[in-house]
Amino acid sequence: MTIPPADAAGIARAAVILRNGGLVAFPTETVYGLGADATQGAAVARIFEAKGRPSFNPLIAHIADATAVADFALPADHFEALARAFWPGPLTLVMRRKPGSNISDLVSAGGATIALRCPDSPAALDLLRAVGRPVAAPSANRSGSVSPTSAAHVAASLGERVDLILDAGPCRVGLESTVLDLTQTVPVILRPGGVTREQIAAIVGAVTSGSDDPAAPKSPGQQLSHYAPSLPVRINTRDVRAGEALLGFGPGEATLNLSTRGDLREAAANLFAMLRQLDDPARFTGIAVMPVPEDGVGAAINDRLRRAAHH
Ligand code: TXA
Ligand code: MG
């Protein structure tokens, strides 16, 4: 495995590996993805193996622009307005698969829908154009652990299971994309993320989310046990117990601070890297996290923190 910078030479090498059925970890604006050519079933199967995913959870197919969508999905209400507003960007759209599309059924985990996203990172877009095919990519971490926001996180988690890691430094958004299901009458947020519910509602009007209705459809990958550091995590607290690290938000003493000025976007970008830094049993017995407001991207931060705290 090699870790070249995401320059023209690195991207050209990565594209060759993908077209030959290999695995490439690449930077997006949200987190690093573990990519395979979405049209090659054997390559996509290697993703599940490398991640140690217990079940065949469906994957996001990444594309370089919205015009490619017609090849892979059936038309869906709101698609065009959403793509215009948020692509490239941290929004994944779940639509019905187009019959006969060349995307492997494994990407959809055998289901009738396909999740599509156009990522907002120059390296990812250059790579997608160089490959010339959709690239299936979950977050580039072993199943169940925190998503990687740097090339070093990917190397620590996946090591030799990946053929090449393109390095473009830390991810700007730091939280995974919002997953929005367009196959229902009213769009459903399956996973909160970098695009907020308020932003989506401004485009589509009514939108629901799994938390409004416990019976609403959820993303198959949204079991509570995801994103768990090895140390116990307590959230919504300012009281630190002996041996615990404190992950702060806003002014005040803390071991590390998500954003001393209380900026939610800054906090999102820092979340996973700081959880990893504090997840050190040699130094701490647990991680206490200060309250983070629920508005805007705070909803996605709190979603990830609740998962991290669930043991
Ligand atoms: O920001 C992101 O979304 C990153 C970067 C690499 O793009 N990717 C990512 O992938 O977080 P992953 O596999 O870790 O999470 C994808 C989520 C999972 O919860 C999965 O269940 C859901 O999207 N998903 C994928 N395809 C779906 C489908 N057809 N229907 C419903 N949910 C789907
Ligand atoms: Mg993931």
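The values are calculated or read from the model by the stated rules, or taken from the named source; none is laboratory data. Bear in mind the structure is a predicted one, so any value in this text is a computation, not a measurement. Reconstructed Cβ throughout: ideal geometry from the backbone, glycine too, with neighbour counts over all protein chains shown. The area values use the complete protein model at the heavy-atom level, side chains included, leaving out ligands, DNA and RNA. Shrake-Rupley method; radii C 1.70, N 1.55, O 1.52, S 1.80 Å.
At-a-glance table
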item	result
Residue within the stretch 246-263 that is outside any loop (DSSP other than H, G, I, E, B), touching a residue at least 40 places away in the same chain (Cβ under 8 Å) and open to solvent by 30 Å² or more (accessible area, probe 1.4 Å) present	no
Some residue of the stretch 151-161 being touching a residue at least 12 places away in the same chain (Cβ under 8 Å), part of a loop (DSSP other than H, G, I, E, B), away from ligand 2 (no atom under 13 Å from the Cβ) and touching a strand residue (DSSP E or B) at 6+ places or on another chain (Cβ under 7 Å)	no
Subset of the stretch 171-198 that is without any contact (Cβ under 8 Å) to a residue 40 or more places away in the chain and among the aliphatic types (A, V, I, L, M) - its residue that is nearest to ligand 2 (Cβ to nearest atom)	Ile189
Inter-residue pairs, beta-carbon under 7 Å, first within 21 Å of Phe48 (Cα to Cα) and in the stretch 104-126, second part of a strand (DSSP E or B) and open to solvent by 20 Å² or more (accessible area, probe 1.4 Å), 6+ apart	Ser108/Arg97; Ala112/Arg96; Ala112/Arg97; Thr113/Arg96; Thr113/Arg97; Ile114/Arg97; Ala115/Ile60; Arg117/Ile60
Filter result for Arg142 (under 14 Å from the mean Cα position of the chain (by Cα) and open to solvent by 40 Å² or more (accessible area, probe 1.4 Å))	yes
Qualifying residue in the stretch 69-90 (condition: among the small types (Gly, Ala, Ser) and either touching a strand residue (DSSP E or B) at 6+ places or on another chain (Cβ under 7 Å) or within 16 Å of ligand 2 (Cβ to nearest atom) (or both))	yes
Residue in the stretch 13-28 that is under 24 Å from Val173 (Cα atoms), touching a helix residue (DSSP H, G or I) at 6+ places or on another chain (Cβ under 7 Å) and of a type in the set (Phe, Trp, Tyr) present	yes
Where a residue in the stretch 71-100 is open to solvent by 50 Å² or more (accessible area, probe 1.4 Å) and its partner, wherever it lies, is of a type in the set (Phe, Trp, Tyr) and within 12 Å of ligand 1 (Cβ to nearest atom), with Cβ under 6 Å and at least six apart	Lys98/Phe72
Odd one out for Ser225 among (1) modelled with pLDDT of 95 or more; (2) within 16 Å of ligand 1 (Cβ to nearest atom); (3) open to solvent by 40 Å² or more (accessible area, probe 1.4 Å)	(1)
Condition check for Thr67: assigned by TED's automatic domain parsing to the domain that holds Ser139 and exposed (fewer than 15 other Cβ atoms within 10 Å of the Cβ)	yes
Residue match in the stretch 75-84 (condition: more than 27 Å from Thr149 (Cβ to Cβ), basic (Lys, Arg) and in the same structural domain as Gly169 (by TED's automatic domain parsing))	yes
Number of the exception - Ala267 against (1) among the small types (Gly, Ala, Ser); (2) more than 19 Å from His153 (Cα to Cα); (3) open to solvent by less than 10 Å² (accessible area, probe 1.4 Å)	(2)
